[in-house]
Amino acid sequence: MIHAVVLAAGASSRYGATPPKQAELLPSVLAALRAARTLDGLLVVLGAHGVETDAFVVRCPEWERGPGASLRCGLAALADETEAAVVALADGPDLDPRAIDRVVESWRREGGDAVAASYGGVRLHPVLLARPLWPLVPDAGARALPARLVACDDLTPPGDVDVRPAERRR
C-alpha cells in the first residue's frame, strides 16, 4: 500500500492567516492526489490552523519543530501495511497527478528509499519515502534525505506559494 501525506501544518506567516493558505490551496492538491492512479489513500497533517477538509486529518502538536516533525506525525498515523508514503505540500497547488504516478511507478520498478520528482533538474514534490527511511526523517524534513530523481520536465512544477497572489504582483 502507498498513501499520500499532505503537509499542511505550517503557520502561513508570509501568506497570512485569514484564511491561511492551507484553506485556499489544499483542495487542488487533494484533487491531484485523488486523480493519481497509484495511491491507496491519503491524509492531511495539520498544526497551526484548523482547515475544513473531507480528508482524514492528523493533528501534529509538534508542528513548530519543522516540516520533518509534521511529516513524522503523518507517517506514524499510516497503517502498518503501508510500504511507502508520497509526500506532497499543501502549498503546491499545481501538483500534477502524472508526477505522482511517475514517482510511484519508478519506485515500484527500481526501488530505493527516496524517489522525488524533478523539473528541469530541480528536486521538488512529490517525494516518495519507503518505510525503512521513515525513522530517519529529520526536523528539517525529507529534503535533507538523498533521493533518486524522476524527470517530470514535461509537467508543470507543483509550485510553492508563500504569499497571496495580489502580493506577488507588487
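The values are calculated or read from the model by the stated rules, or taken from the named source; none is laboratory data. Keep in mind that this is a model prediction, so the values were computed, not measured. Here Cβ is always computed from backbone atoms with ideal geometry, including for glycine, and neighbour counts include all displayed protein chains. When the accessible area is computed, the model is the full protein with side chains, heavy atoms only, and any ligands, DNA or RNA have been set aside. Shrake-Rupley method; radii C 1.70, N 1.55, O 1.52, S 1.80 Å.
In table form, for the structure just shown:
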read-out: Chain lengthening between Ser28 and Asp54 when straightened (0.36 nm per residue, less Cα-Cα); value: 8.1 nm
read-out: Accessible carbon and sulfur surface of region 37-170 relative to its total accessible area, %, 1.4 Å; value: 51
read-out: Where N is the number of residues in region 110-162, Cα Rg divided by 2.2 N^0.38 Å; value: 1.16
read-out: Added length on full extension, which subtracts the Cα-Cα distance from 0.36 nm per residue, Glu83 to Ala144; value: 19.9 nm
read-out: Square roots of 5 times each gyration tensor eigenvalue, C-alpha, region 55-157, largest first, Å; value: 22, 15, 13
read-out: Simple Cβ-charge dipole of region 53-106, Lys/Arg +1 and Asp/Glu -1, about Cα centre, in debye nearest 20; value: 180
read-out: Low-density loop cleavage sites - GluC sites (Glu not before Pro) in region 43-75, where at most 10 other Cβ are within 10 Å (DSSP); value: Glu52
read-out: Rounded to 5, percent antiparallel among DSSP beta bridges of region 30-167; value: 55
read-out: Virtual spin-label span in nm between Glu62 and Ala76, 7 Å along Cα→Cβ; value: 0.6
